[in-house]
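Colleague: Structure incoming, see below.
The values are calculated or read from the model by the stated rules, or taken from the named source; none is laboratory data. Please read all numbers here as calculations on a predicted model, not as lab measurements. Ideal geometry is used to build each Cβ from the backbone, glycine not excepted, and the neighbour counts take in all protein chains shown. Just so you know, the surface numbers come from the protein's heavy atoms only, side chains and all, with ligands and any DNA or RNA stripped out. Shrake-Rupley method; radii C 1.70, N 1.55, O 1.52, S 1.80 Å.
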Amino acid sequence: MLLLEYEAKHLLQAAGLPTPKGEVIEKARQSNLPLPLVLKSQVPVGGRGKLGGIRIVSTTDEYTKATESLFNFQIKGHTPIHLLAEEKLAIERELYLSLTIDREAGDIKLLAHAAGGIEVEANRSGFLSLSITEEHIPAKQVAEIFDMEERSPDIKRLLRKLILCFIANEATLIEINPLVLTTDGRLICADAKIELDDAAAFRHDWHFEATQIEANFVTIDLKGTVATIANGAGLAMATVDAVYDHGMLPANFLDIGGGATTASVMTAFERIVAYPNVRAIIINIFAGITKCDEVAKAVIEAKGRFPDLPPLFIRLAGTNYDAAANLLADTNIPLHNTLEACLQSASKEISS
Ligand code: GDP
Ligand code: MN
């Protein structure tokens, strides 16, 4: 599972590693941090800088324009649900550092390069690759390749925290690119990519944006015309079956689970709008732990964010139904009383 940058940075912070002062921003929320700021699109892909997903803003006007633009800006098929606003660093140098599992050697490999940043992939040579363990931290060599011999003790502390973070979280990759040396001599993890080992999920209580959806989202048929969102595996399967029974082709299975939040439901919409043939979305929620109003909020937000969203056919029941019905009543998004009613309307929509 690939974490978003802000999630990766939370893990680094918990391990005592230095990251820029930052704040996660949702749509229509202001940052409390002082300007200038760096605004970073939180999408699960690299190369955001080159593609326009990183903006430096110095005035409130620039801030407003950049956030608006970034929230609607697709990067390799992903639109962000969050932005990360961070203090602008005064950069002296950009370095590269990563830890990965070397399956052949059965150990953890450290990779370092003196020229990190957005062009690091172009560097074919100059990488230092060494085994690293908690007991054996090759700080001297890393300091040397960074041309920072005098900072070897600092680099040792940083690498120790990094490998402890890697092990404690059962990561398969931690990449810091760039590790920034600031003009006032601080070493700061300015960007972070972390992949966690899905096979270790049962040992952890992970709540990341990717967790819920990746685990419970299955593509059934890319040519499918109906997307489904339901809660609980049983209800989700029954919803898919009912779509088939009404002569339509389901595109996906999705169980949004018990703790569905606006963010996790938005992630589901994001995946659904990427399907080429979907002409109707059926939402079937029997809310216990899930809250109908959370789902309603996500639906309203999704309508705003995806102007081409296919028509929604929604049946909600259970916890906070009234609040959800009130929210939706203000927006002209109709509710259906039964799944049957949803299916009949969806079927009409598709054959129209
Ligand atoms: P990526 O392109 O997805 O890897 O995103 P990064 O977070 O690595 O940012 C890309 C580039 O933007 C970095 O290599 C820096 O050159 C630049 N950048 C990011 N944060 C800052 C900052 O705080 N100050 C300055 N001056 N540049 C930054
Ligand atoms: Mn980067």
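Colleague: Scan region 225-236 for residues that are over 22 Å from LYS291 (Cβ atoms) and either of a type in the set (Ser, Thr, Tyr) or in a helix (DSSP H, G or I) (or both) and jot them down.
Modeller: Selection gives THR225 alone.
Colleague: Something else about it: Considering only residues of region 87-101 that are within 14 Å of ligand 1 (Cβ to nearest atom) and open to solvent by less than 60 Å² (accessible area, probe 1.4 Å), which is farthest from LEU164 (Cα to Cα)?
Modeller: The extreme case among them is ALA90.
Colleague: Of all the residues that make up region 18-36, how many are farther than 12 Å from TYR63 by Cβ and open to solvent by less than 30 Å² (accessible area, probe 1.4 Å)?
Modeller: Number satisfying all stated conditions: 2.
Colleague: Right, another one. Being open to solvent by 40 Å² or more (accessible area, probe 1.4 Å) and either without any contact (Cβ under 8 Å) to a residue 24 or more places away in the chain or part of a helix (DSSP H, G or I) (or both) is the filter; apply it to region 131-141 and report the residue that is farthest from ligand 2 (Cβ to nearest atom).
Modeller: My answer is GLU135.
Colleague: Name the single residue, out of those in region 30-46 being over 15 Å from the mean Cα position of the chain (by Cα) and within 16 Å of ligand 2 (Cβ to nearest atom), that is farthest from VAL180 (Cα to Cα).
Modeller: LEU39
Colleague: Does ASP191 fit the bill of being open to solvent by 10 Å² or more (accessible area, probe 1.4 Å) and either of a type in the set (Phe, Trp, Tyr) or within 16 Å of ligand 2 (Cβ to nearest atom) (or both)?
Modeller: yes
Colleague: Take the residues of region 75-101 that are more than 16 Å from ligand 2 (Cβ to nearest atom), small (Gly, Ala, Ser) and within 25 Å of the chain's Cα centre (by Cα): which is nearest to LEU187 (Cα to Cα)?
Modeller: ALA85
Colleague: Determine whether region 114-128 contains at least one residue that is assigned to a loop (DSSP other than H, G, I, E, B), within 30 Å of VAL273 (Cβ to Cβ) and in contact with a strand residue (DSSP E or B) (Cβ under 6 Å, 6 or more places away or on another chain).
Modeller: no
Colleague: Hey, another quick one. List the residue pairs whose Cβ atoms are under 8 Å apart, where the first residue sits in region 285-304 and is on the phi > 0 side of the Ramachandran plot and open to solvent by less than 60 Å² (accessible area, probe 1.4 Å), the second is of a type in the set (A, V, I, L, M, F, W, C) and modelled with pLDDT of 90 or more, and the two are 6 or more positions apart or on different chains.
Modeller: Cβ pairs passing all conditions: none.
Colleague: Looking at (1) over 18 Å from ASP107 (Cα atoms); (2) part of a helix (DSSP H, G or I); (3) not charged (D, E, K, R), find the lone condition where ALA199 falls short.
Modeller: (1)
Colleague: Would you pick out the residues in region 255-281 that are closer than 16 Å to PHE306 by Cβ, open to solvent by less than 10 Å² (accessible area, probe 1.4 Å) and not small (Gly, Ala, Ser)?
Modeller: VAL265, MET266, PHE269, ILE272, ILE281
Colleague: What's the number of the only condition in (1) out of contact with any strand residue (DSSP E or B) (no Cβ under 6 Å at 6 or more places or on another chain); (2) over 30 Å from SER69 (Cβ atoms) that VAL299 fails to meet?
Modeller: (2)
Colleague: Taking LYS27 as the residue in question, decide whether it is over 20 Å from the mean Cα position of the chain (by Cα), closer than 25 Å to VAL273 by Cβ and more than 16 Å from ligand 2 (Cβ to nearest atom).
Modeller: The answer is no for LYS27.
Colleague: Which of (1) away from ligand 2 (no atom under 16 Å from the Cβ); (2) outside any loop (DSSP other than H, G, I, E, B); (3) open to solvent by 60 Å² or more (accessible area, probe 1.4 Å) does GLU104 not meet, given it meets every other one?
Modeller: Failed condition: (2).
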